[in-house]
Amino acid sequence: MTTGRVYLPTSLERLIALRDQHRLEGALIAYAPTPALASAVGGNPDEEELEYAAIQEAAVVATALGDDVVAAVDLPSGQLALAMENSEPPDSPAAVRFTGPVLLRQVASLHRLDPPGQRDADSDLDLSWYDVTELAPLIEELGG
C-alpha cells in the first residue's frame, strides 16, 4: 500500500492517547506537501523541500496552539487524497482535514519544538527528532 506523509500538530493529550490507546480518533487537521503548497513555495520545489515546508507549517500551528510536538504520520494514499479534496478553503496551502483513527503504527517519528514554544519570526523553527519508541520518555519530558 502506498502512503503519503502528513505532519500533525500534537498536544500532550494526543501523545498520551497514542501511548495508552495506540490511536487518535476524531477530526484532525494536519499539514502535507500538497500541490497548493508547491505553488505557494514557488519555483520548482523537490519533494524534500515540500516536506520541510509542510513540517514548518505544522510547527507554526503547534506553537500557536501552545503545543510542542509535531507527529509525522503516514496515511494511505487514498485517505490523503480524500483529505486534500476535503480541505477547501484551506487555512494554509498545506492544510489537510481528515477523520481518524490515526494508529500508533502509522506514526513515523515525533518532532519536538526546540526550544519549546519559542520562535524567531525571521527564521524557521528548530525541531528535535524522536523515534516513536521514545514516546513515553517524550511524554515525561513534557510533564505528562
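The values are calculated or read from the model by the stated rules, or taken from the named source; none is laboratory data. The model shown is predicted, which means the values in this text are computed figures rather than measured ones. Please note: Cβ atoms are built from the backbone with ideal geometry, for glycine as well, and neighbour counts cover all protein chains shown.
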Check your understanding: Regarding ALA53, is this residue modelled with pLDDT of 90 or more, of a type in the set (A, V, I, L, M, F, W, C), out of contact with any His (no Cβ under 7 Å at 6 or more places or on another chain) and more than 26 Å from ASP20 (Cα to Cα)?
Key -> yes
Point to revise | Subset of segment 130-144 (residues that are over 14 Å from ALA62 (Cβ atoms) and at pLDDT below 95) | key: GLU141, GLY143, GLY144
Exercise for review: Please specify each residue of segment 1-19 satisfying the condition of being closer than 16 Å to GLN106 by Cα and in a loop (DSSP other than H, G, I, E, B).
Suggested key: MET1, THR2
